[in-house]
Amino acid sequence: MINYLIAMAVSAGIYALMALGVNVIWGFAGMVNLGLVGFFAVGAYVSALLTLKAGWSIAGGMAAAALVTAAVGVVVSLITVRLRGDYLAIVTLGFAETIRIVASNAIWLTNGTDGLSGIPGPYRGALSPEAFNLFFLAVVAVIVAAVYFVTERLRTSPFGRVLRAIRDDEQVAAVAGKHVTLFKVKAFAIGSAALGLAGALYAHYTSYIAPDIFVPLLTLYIKLALLTGGLGNNRGAIVGAIAIVFLLESTRFVIPFVPGISAVQGAAVREFLVAALLLVMLRYRPAGLLPERLTRFPVPPKEGRYQPTA
Amino acid sequence: MPSLADVGQLVVNGIMAGTILAVPAMGLTAIYAVLRFPNFALASHATVGAFAGYVANAWLGLTVLPSVVIAFVVAGIVGVATDDAILKRFRPAGYITTAIASIALTIALENVLRFSFGNELRGYNLPIQRDWRVGALRVGPQQVENLAIAVATMTALFGFLALTRTGKAMRAVADNPMLASIKGINADAIGRIVNFVGMGLAGLGGMLIGLDTTIDPLTGFRSILSVFAAAVVGGLGSIPGAVIGALTVGIGEELCLLFLSPDYRSAVGFVAILLVLTLRPRGILGQRAY
């Protein structure tokens, strides 16, 4: 039971990392990434392949995963950055599907749909399974804390302000002399790096990855986590990730008790609920449960203008 | 070295696949032209159509022709209903929010189908026929029927847009919504009609794709990349563009078999999207893309 809870905490941490990354892209800069699962997959495969086949260390693999996904993010966003935002939606979705197709078919590299197994985990051999789980949880917690710190700094920095300005009105930001393209590509790259890092963590934790793990549903989970917590809000991203893991796991327990439905039907009900919940949140709570709090500067009263007394 | 006949066969296959692909691509681009957002729910509506046609064909024993009509009508009705109940409410929030909502909608609908039909592959009930041979080329009679259905659908759509009052009103809204509303065109009604036609085309296309192979709840999602590629290559929002784009992508996907294993076929669509957006973002026949 304890092991199960730790495993859930680890997946909440990985989701939180993804939500933090997507928050930079979507929450700060207002760009859409409908294929975030593709970036997650790239990170997972890069780190897994480097440690399995090239003999890299796990830390090296994870660093490479973050860098490679950031580079992919640069390419994907550069192609569409001057176009209407819906082209980015199409390209990112297509990217995720293409990664899945390539991962399923490049058998020489990724072992196809059988997936890669035996991916090393840090000290997996030296520790007991329980100790490994706990140790990994600590690693995830440290990384999430570090990324939270960095993204929080980003949010309050001039860089973050420019991103929000671009999100709210691109033209105004451009008129203010900001290089909109550059900022957007940077934001996309930073967010993608976090997604890649999350993928690498996932690969080293579970020791097994296969193309059918990286389905579009995962993209919805993260969007839902972010919407639940609050778009544009780093604390919300983490809270939302924990909430979504809790929701997913609790439905896993409840649905088998519903009489008269098969396993496939149970899975269908779960996926349906996630999709429906996303629609409800998007419609009624687009700012999330913990809305983004903006620093507001008080407007000094103008002399001579009528001031209503409180 | 592939022989000329092999290349010819691939081109023929590509033209047939492209013509079928053009049907859902026209639906996508029509919806985009009028409602101005990439409707990813097209994927699930293609699957809805494929299953509606399956029920008509395999359970009720209808032949292919009435079944594709049922596929069109059912997917069209579902399209209008889901748009009225769900997607319409997101449109004021902007096209990005609506696009995300359409992805969620597609997954929800897919799971309704999975709940009702399960995950197994299903085949249509078709008579077994020998392929026809024309010189060195081979074509299946069913493929020819699919091709004819696709061409007839295209012709009907072009006729509808060019000749009927409703079709003209649709084009007017796509061209300039403000001016159209000044002229008294009801944008809501046009929105419903374009959803019915667009999602109907998706459903019909889903069934045509399924007729060639098998169907399951992911049928639509698997082809969405090619459909979007066709629409983007042709120019999002341009219906003749969707046809040209679909033929380009269809032939491209087949010709790539000369160099690549068939498994990478769908990745060709993505490469086509990237190339077009880099070199000519508005596509072959589209309007400006920024």
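Placing a label point 7 Å from the Cα of B:Val55 along the Cα-to-Cβ direction, the residues of segment B:67-93 with a backbone N closer than 17 Å are B:67-82. Entry note, chain B: the mean residue ellipticity at 222 nm calculated from DSSP H runs of n ≥ 4, each adding -39500 (n - 2.57), is -23500 deg cm²/dmol after division by the residues and rounding to the nearest 500.
Could you give the nm distance between label points at B:Arg133 and A:Glu170, where each point is 7 Å from its Cα heading toward the beta carbon? Result for the modelled spin labels: 5.7 nm.
Full extension of the chain between A:Thr251 and A:Leu5 gives 87.0 nm of extra length, using 0.36 nm per residue less the Cα-Cα distance.
Size estimate for chain A follows the Kirkwood approach: the inverse of mean 1/r over distinct Cα pairs works out to 20.4 Å.
For segment B:19-158, the alpha-carbon coordinates run over 56, 34, 23 Å along the three principal axes, in decreasing order.
Could I get the Rg over Rh figure for chain B? Both from C-alpha atoms, Rh via Kirkwood, rounded to two places. Radius of gyration over Kirkwood radius for chain B works out to 0.97. Normalising the average separation of contacting C-alpha pairs (under 8 angstrom, six or more residues apart) by the number of residues puts the relative contact order of chain A at 32 percent.
Taking the Cα centre of the protein assembly as shown as origin and assigning +1 to Lys and Arg Cβ atoms and -1 to Asp and Glu Cβ atoms, the resulting dipole is close to 1760 debye.
Taken along the Cα-to-beta-carbon direction at a fixed 7 Å, the label points for B:Leu126 and B:Arg89 span 4.1 nm. Computed about its Cα centre, the charge dipole of segment A:2-215 is approximately 560 debye, with only Lys, Arg, Asp and Glu carrying charge at their Cβ.
For the protein assembly as shown, the tally of Lys pairs with Cα-Cα distances below 24 Å comes to 7, considering only residues 8 or more apart or on different chains. Which residues among segment A:68-84 fall inside the zone where the amide N is under 11 Å from a point 7 Å beyond the Cα of B:Phe259, along Cα→Cβ? It comes to no residues whatsoever.
Here the simple spin-label model places points 7 Å from the Cα toward Cβ, and for B:Thr214 and B:Ala148 these points are separated by 2.8 nm. The angle between the Cα long axis of helix A:129-156 and the main principal axis of chain A comes to about 20°, on a 0 to 90 degree scale. A simple rule links phi to the HN-Hα coupling: the Karplus curve 6.51 cos²θ - 1.76 cosθ + 1.60 with θ = phi - 60°, which for segment A:39-49 gives 5, 4, 5, 4, x, 4, 5, 4, 5, 4, 5 Hz, with x for Gly and Pro. Projecting the Cα positions of A:Tyr87, A:Ala189, A:Ala176 onto the charge dipole of segment A:2-215 (unit charges on Cβ atoms of Lys, Arg, Asp and Glu, taken about the Cα centre) puts A:Ala176 furthest along the positive direction. Note that segment B:261-277 has calculated 3J(HN,Hα) couplings of 6, x, 5, 8, 3, 5, 5, 4, x, 5, 4, 4, 4, 4, 4, 5, 5 Hz, one per residue in order, obtained from phi through the Karplus relation 6.51 cos²θ - 1.76 cosθ + 1.60 (θ = phi - 60°); glycine and proline are x. Over the C-alpha trace of the protein assembly as shown, radius of gyration and Dmax come out as 24.9, 92 angstrom. Between A:Leu50, A:Val72, A:Ile213, the Cα set farthest toward the positive side of the dipole of chain A (charges on each charged residue's Cβ, about the Cα centre) is that of A:Val72. Dipole orientation for the protein assembly as shown: of the candidates A:Ala63, A:Pro286, B:Ala267, A:Pro286 has the Cα lying most toward the positive pole (charges on Cβ; Lys, Arg +1; Asp, Glu -1). The angle between the Cα long axis of helix B:95-117 and the longest principal axis of the Cα atoms of chain B comes to about 50 degrees, rounded to the nearest 10.
Can you give the longest run of chain A that contains no trypsin sites (Lys or Arg not before Pro) sitting in a DSSP loop with at most 14 other Cβ atoms inside 10 Å? Spell out each step's value before the answer.
Details: sites that count: A:Arg82, A:Arg293, A:Arg296, A:Lys302, A:Arg305.
Answer from the scan: A:83-292.
Between helix B:165-175 and chain B there is an angle of about 80 degrees, using the helix long axis and the longest principal axis of the Cα atoms.
Each Lys and Arg Cβ is given +1 and each Asp and Glu Cβ -1; about its Cα centre, segment B:1-144 then shows a dipole of about 120 debye.
Size descriptors for segment A:30-97: radius of gyration and Dmax over Cα atoms are 13.5, 43 Å.
Bear in mind that the values in this text are calculations on the coordinates, not laboratory data. Note that the coordinates shown come from a computational prediction; the quantities given were computed from them, not determined experimentally. Heads up, the Cβs are rebuilt from the backbone with ideal geometry, glycines too, and the neighbour counts pull from every protein chain shown.
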